[in-house]
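Before any comments, here is the structure.
Bear in mind these aren't lab numbers, they're just calculated from the coordinates by the rules spelled out. Note that the coordinates shown come from a computational prediction; the quantities given were computed from them, not determined experimentally. Neighbour counts are summed over all protein chains in view; Cβ atoms, including those assigned to glycine, are modelled from backbone coordinates with ideal geometry.
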Amino acid sequence: IMKRYFVQTFGCQMNVHDSRRIEEVLRAQGYREAEEPSLADLLVVNTCSVREKAEHKLMSLLGTLRPLKEQKRGIVLAVAGCVAQQEGEKLLKKAPFVDLVLGPDNIPELPALVQQAEQGAPPVARTVFDMEDPQFLKASPRADRPEVSAFVTVMKGCDERCTFCIVPYTRGSERYRSADEIVGEIAGLVAGGVREITLLGQTVNSWHPPEEADLKPSSRRAPSSSQFAGLLRRIVREVPDLARLRYTSPHPRHLTDPLIQAHVELPQLCTHLHLPVQSGSDRILRQMARRYTAQEYISRAKALMAAKPGLTMSTDIIVGFPGETEEDFQQTLRLVEEVGFVAAFCFKYSPRPYTPALKLGDEVGEDVKDERLARLFALVEKQQQKHLATLVGTEQQVLIEGPSPGDTGRFTGRTERNEIVHVIAAEGVDPTGTLVRASIDEAFRHSLSGLMPGASTPPSPSKPARKQLTVV
Ligand code: 5AD
């Protein structure tokens, strides 16, 4: 009989990508996707621990899955991802009904471990980093639902030591994928219909050819964006059918001139960059060990925007880091205005296990964090609105990803700068997977609407569902 899996994913793009690899590993063993957890023989929870009370969230989800596990004999429950890596064996003690705990580097072992569990093996935790022989599971084009846009991993782990961040602990130190493997995977995806690739890595622009990184470990300390820029050039050269190239998340200290030059040279490189800043206060940046000053960040951002006119930027910001004063926060607001971010992910600082910032003490009160977060949101929202409004009346190239959610008859895609556009196509045309020109007729809170040539406006345009409207 055919076995069925259900994968539940929390957290970042990296985790979404890992969940896809988990599914591929299982499908290769003949598993198929179950429509809901209750129909699955194997439940996988892919967890995140970068923020929030991740473990708490996991424990409450496990609580809801437990009855399923108890009802149905032979069902296997696996916990994967960063909480799995962080907790390891401890998780099996806290939740004895869990069968498998699996770190991010142990995905290939999943089928064998599931089989052992089915045969009655005791619960087991596998959380071993593949430092000696790093593996990058290959992403293949989806046969079941073809995709327009896909992620490709270029490096994993993180050698930065940002004092708030648990990632170096849960994902290990940096390992780089070979350019041949990266280009090969992209070529395969593009041959399968993908038009846009986003290169993925914790500090994606610190990429080195793996052989160089191994020979000169100390070189990792130096900014290395010339190697990354070289990788971008090679991808564009060797995969001529690739329409758009993006990367996330870069570290500001590796945004050096050679990388800015690549943005100028390569038309496929999209005119948007997500560049996490975290704070606008030098004092806080130092405490965070971010290794740049506010002014350095601003100069690099401005150099990029000057070199590539029309490029927009978004960022990540933490409010309420230990010791953050009102004046520090004011400096963050000023930086947001000065760079002119069109979007930002804003987070309240949350203490994470095993991180150096735990020792700083001097915690900012929850009410102060809430209040700063609200002010920051309001500023970002204002800048986003202003930016989207400037696009009304312009023509934009939109890469159409598929029908819009809900029954609107529209199609949803993204501009080169990653703004979401809900377009009306000409009668009977399905533009999915193509680049179309759309004239923008309206700006919503977090998205735009537009018309393709030959389309006519319906009498009352139905507004798209709000929850889909995030500009990243
Ligand atoms: N508290 C709050 N936000 C955090 N981030 C990472 N660690 C923490 C933490 N302990 C945020 C950073 C990072 C994003 C992925 O998550 O802004 O860029």
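Descriptive notes on the structure:
- Think of the chain as a dipole: +1 on every Lys or Arg Cβ, -1 on every Asp or Glu Cβ, centred on the Cα centre; then among 60, 276, 71, 60 lies furthest on the positive end.
- Cα-centre dipole for region 303-354 with unit charges at Cβ (Lys and Arg positive, Asp and Glu negative), debye to 20: 280
- Coupling constants for region 107-119 follow from the phi torsions by the Karplus curve (6.51 cos²θ - 1.76 cosθ + 1.60, θ = phi - 60°), and in residue order they are 3, x, 7, 3, x, 5, 5, 5, 4, 4, 4, 4, 8 Hz; glycine and proline get x.
- For residue 433, nonlocal amide neighbours, meaning residues 5 or more places apart or on other chains whose placed amide H falls under 5 Å from its own, are 400, 401, 402.
- Ellipsoid fit via the Cα gyration tensor, region 322-472: semi-axes of 40, 16, 13 Å, each the root of five times an eigenvalue, largest first.
- Distant-in-sequence amide contacts of residue 421, defined by a placed amide H-H separation under 5 Å and a gap of 5 or more residues or a different chain, comprise 413, 414, 415, 448.
- Amide hydrogen neighbours beyond the local backbone of residue 128, cut-off 5 Å, H modeled: 103
- Ordering 349, 5 by the number of other Cβ atoms within 10 Å of each residue's own Cβ, fewest first, gives 349, 5.
- Residues 345, 321, sorted so that the one with the fewest Cβ neighbours within 10 Å comes first: 345, 321
- The distance linking region 395-435 with region 298-354 is 30 Å (Cα centroid to Cα centroid, whole angstrom).
- Pairs of alpha carbons in region 174-301 whose separation is greater than 21 Å (percent): 42
- Farthest towards the positive end of the charge dipole of the chain, among the residues 168, 313, 187, is the Cα of 168, using unit charges on the Cβ of Lys, Arg, Asp and Glu.
- Computed from point charges on the beta carbon alone (+1 for Lys and Arg, -1 for Asp and Glu), the dipole magnitude for the chain about its Cα centre is near 300 Debye.
- With 19 Å as the limit on Cα-Cα distance, the pairs of 57/90; 90/359; 302/369 that go past it are 90/359; 302/369.
- Phi angles across region 14-19 convert, under the Karplus curve 6.51 cos²θ - 1.76 cosθ + 1.60 with θ = phi - 60°, into 3J(HN,Hα) values of 4, 5, 4, 5, 4, 4 Hz, Gly and Pro given as x.
- Distance (nanometres) between label positions extended 7 Å along Cα→Cβ at residue 35 and residue 181: 3.8
- Note, ³J(HN,Hα) from phi for region 422-435, Karplus 6.51, -1.76, 1.60, rounded to Hz, x at Gly and Pro: 9, 9, 9, 8, 5, 2, x, 9, 10, x, 3, x, 10, 8
- Where the alpha-carbon atoms of region 167-208 are placed on the principal axes, they occupy 36, 17, 16 Å, in descending order.
- Remark: region 1-139 carries a charge dipole of roughly 420 debye about the Cα centre, counting +1 on each Lys and Arg Cβ and -1 on each Asp and Glu Cβ.
- q = 0.12, 0.14, 0.16, 0.24 Å⁻¹, region 70-183: log10 I(q)/I(0) [Debye, one scatterer per Cα]: -0.56, -0.73, -0.89, -1.26
- Residue exposure proxy: 162, 346, ordered by other Cβ atoms within 10 angstrom of their Cβ from fewest to most, comes out as 346, 162.
- Dividing the convex hull volume of the alpha carbon atoms of region 335-396 by its residue count gives 117 Å³ per residue.
- Base-10 log of normalised Debye intensity for the chain (one unit scatterer per alpha-carbon) at q = 0.06, 0.07, 0.13 Å⁻¹: -0.28, -0.39, -1.40
- Look at where the Cα atoms of region 1-48 and of region 233-297 average out, and the two centres are 32 Å apart.
- Within the shell of other residues whose beta carbon sits under 12 angstrom from the beta carbon of residue 115, the net charge comes to -3, with Lys and Arg scored +1 and Asp and Glu -1.
- Here the Kirkwood formula, the inverse mean of 1/r across different C-alpha pairs, assigns region 1-118 a hydrodynamic radius of 14.1 Å.
- Estimated FRET transfer efficiency (residue 389, residue 132; beta-carbon r; R0 51 Å; 0.05): 0.45
- Partner aspartates and glutamates for residue 69 [C-alpha distance under 16 Å; skip if fewer than 8 residues away on the same chain]: 36, 41, 99, 118
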